[in-house]
Amino acid sequence: MPRAEPERTCLVTREAQPASRLMRFVLGPDGVVVADLRGRLPGRGAWLTPTADALGEAVRRKLFPKGFKTEARVPADFVAAVDAALVREVRGALSLANKAGAAVAGFAKVETALSRGDAAALIHAREAAEDGRRKLGGALRRGPDDPIWRVFIFDDLSGDDLGVALGREHVIHAALLAGPGSDGCLARWNRLRVFRGVDGAPERPRGAEQQQGDARMAGQQG
């Protein structure tokens, strides 16, 4: 039988959860609290529900010294620093996906990937114009096999961040292609959105097709 995943207790909520659902923190050699985003840092861990709200509460209530049972210094603007680290993780994962051939950029290439049903995620820069978003949403809905059911939409990063990840000066629209090459990026993007208080699963577009599907599912469940 597979071994059960160990549980850890959130410093704020005091709720025990599987370790994979929490965010781990450790003390650096200088006694400063560090977010262990990759789960590899040595030392005693302190665990939190992986949201900015929970981290802010832990800082405000000075819970880290209690969790580590020793003096623990929290960096200035720690919540913002962890958010920035999560963005770097997403950017690095997107860069790896790009090198693996699992990402495309530019309106025409993204539109083609959506229309063919090849995309796992549609990515807009934060500053992307509504017109471009709407047109690519149309390509999504026209794709085969109802890709509207399975394509995620992200708009958490700036065009400059996307450009750094994809090796371009500035990117407004991109797409992750379905397959193992994009799985790591999707997981890291999901973690960023959870931290920021967005729904754990990235938003899917809610066009008429999905609303009708929701109605069908509700009827079946009833």
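The table for this structure:
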{"quantity": "Burial ordering of LEU11, LEU63, LEU136, fewest other beta-carbon atoms within 10 Å first", "calculated": "LEU63, LEU11, LEU136"}
{"quantity": "Residues of type lysines that LYS109 reaches as a straight line, Cα spacing below 29 Å, ignoring anything fewer than 8 places off in the same chain", "calculated": "LYS99, LYS135"}
{"quantity": "Rounded if a/c under 1.5, otherwise prolate or oblate - the range 85-205, Cα gyration tensor axes", "calculated": "rounded"}
{"quantity": "Highest to lowest packing among 31-39, 70-78, scored as the average C-beta count within 10 Å", "calculated": "31-39, 70-78"}
{"quantity": "Taking ILE123, ILE172 and counting other C-beta atoms within 10 Å, the order from fewest to most", "calculated": "ILE172, ILE123"}
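Bear in mind these aren't lab numbers, they're just calculated from the coordinates by the rules spelled out. Quantities reported herein were computed from a predicted structural model and do not represent experimental measurements. So basically every Cβ, Gly included, is an ideal-geometry build from the backbone, and we count neighbours across all protein chains shown.
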